[in-house]
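The values are calculated or read from the model by the stated rules, or taken from the named source; none is laboratory data. Predicted model only: the values in this text are computed from it and were never measured. Using ideal geometry, Cβ is built from the backbone for each residue, glycine included, and neighbour counts are taken over all protein chains shown. The area values use the complete protein model at the heavy-atom level, side chains included, leaving out ligands, DNA and RNA. Shrake-Rupley method; radii C 1.70, N 1.55, O 1.52, S 1.80 Å.
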Amino acid sequence: MDKKKNISMAVIKRLPKYHRYLSELMKNDVDRISSKELSEKIGFTASQIRQDLNCFGDFGQQGYGYNVRELYNQISNILGLQKDYNTVIIGAGNIGQAIANYGHFQKLGFNTIAIFDANPKLIGIKIRDIEIKDIDELDNFLERNTVDIGIICVPKVNAQKVCDQLIAGGVRGVWNFAPVDLVVPENIIVENVHLSESILTLIYLLNESEQ
Ligand code: NAI
């Protein structure tokens, strides 16, 4: 377990990709794979893969490679996917509804237990059996339910207020879609998702490749 400490962010950011590829391999009934084969599929070098996985324990055997299911299970555990997480979505507009409708998150163990919005026209509407509630009910809801992750999908002017409410209600993980840098206490984990940053990277690379 000591090995798990001081893992670089770069390694942590690669874990979801391992997880996704290993899941695909299992779906295709692949039982084992060498770091070389995995490297051809995933695009990291074989030595990078061995180094990454070595951070967490002794995976793989010389001459055998990795047992796909075992490695998948180990990476799931490292990521913390051995348990389920309760989430709430704040803001039931375009982004909030898209996330609520995306069934894959549930398969990974993320259960959206409520959606909140401030627009009276949306309150009471159901998305995949989850009723949109009035944002005024949020504090009370958080008092009565354990929520691990708050997903912020409101306009940026309201994001900090909503974030403060979530934290006051015991939420420790914030998945933030609003284009704003949230101010949070040290023990709160915020992961920002900014699609525009991704498209700007694409645009840069597109232009660079034309030169
Ligand atoms: P939208 O306008 O469709 O939905 C926002 C929803 O939040 C509305 O239903 C509104 O009634 C609700 N809302 C506003 N204030 C609220 C409050 N205090 N409490 C609860 N609900 C409240 O907007 P859209 O397109 O879904 O975008 C949502 C957020 O995500 C915005 O901040 C936007 O800038 C951001 N965004 C982020 C992207 C990304 O890549 N991370 C991409 C597109 C949008």
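Observations, loosely collected:
- Remark: pairs (first residue in the stretch 115-140, within 16 Å of residue 152 (Cα to Cα); second residue polar (S, T, N, Q); Cβ separation under 6 Å; 6+ apart in sequence or on different chains) = 138/165.
- Extreme residue, nearest to the chain's Cα centre (by Cα), among residues of the stretch 119-139 that are open to solvent by 90 Å² or more (accessible area, probe 1.4 Å) and under 15 Å from residue 100 (Cβ atoms): 128
- Search result, residues across the stretch 174-211 that are closer than 13 Å to residue 90 by Cβ and of a type outside the set (A, V, I, L, M): 175, 176, 177
- Flag for residue 184 being crowded, with 16+ Cβ neighbours inside 10 Å, among the aliphatic types (A, V, I, L, M) and in contact (Cβ under 8 Å) with a residue 40 or more places away in the chain: no
- Subset of the stretch 45-71 (residues that are touching a Leu at 6+ places or on another chain (Cβ under 8 Å) and aromatic (Phe, Trp, Tyr)): 59, 66
- The residues of the stretch 140-162 that are exposed (fewer than 14 other Cβ atoms within 10 Å of the Cβ) and either more than 19 Å from residue 193 (Cα to Cα) or at pLDDT below 95 (or both), listed by number, are 140, 143, 144, 145, 146.
- The set of residues in the stretch 86-118 that are out of contact with any helix residue (DSSP H, G or I) (no Cβ under 8 Å at 6 or more places or on another chain), surrounded by fewer than 18 Cβ atoms within 10 Å (Cβ to Cβ) and not in a strand (DSSP E or B) comprises 93, 94, 98, 101, 102, 103, 104, 106, 107, 108, 109.
- Count of the stretch 119-142 residues which are of a type outside the set (Val, Ile, Thr) and outside any loop (DSSP other than H, G, I, E, B): 11
- Taken over the stretch 143-154, the criterion of being within 10 Å of the ligand (Cβ to nearest atom), under 26 Å from residue 81 (Cα atoms) and outside any strand (DSSP E or B) is satisfied by 153 alone.
- Subset of the stretch 13-50 [without any contact (Cβ under 8 Å) to a residue 40 or more places away in the chain, open to solvent by less than 70 Å² (accessible area, probe 1.4 Å) and assigned to a helix (DSSP H, G or I)]: 14, 17, 21, 35, 38, 39, 42, 46, 47, 48, 49
- Any chance residue 83 is surrounded by fewer than 12 Cβ atoms within 10 Å (Cβ to Cβ), more than 24 Å from residue 6 (Cα to Cα) and at pLDDT 90 or above: no
- Scanning the stretch 155-211 for residues that are more than 8 Å from the ligand (Cβ to nearest atom), in a loop (DSSP other than H, G, I, E, B) and assigned by the TED database to the domain that holds residue 116 yields a total of 12.
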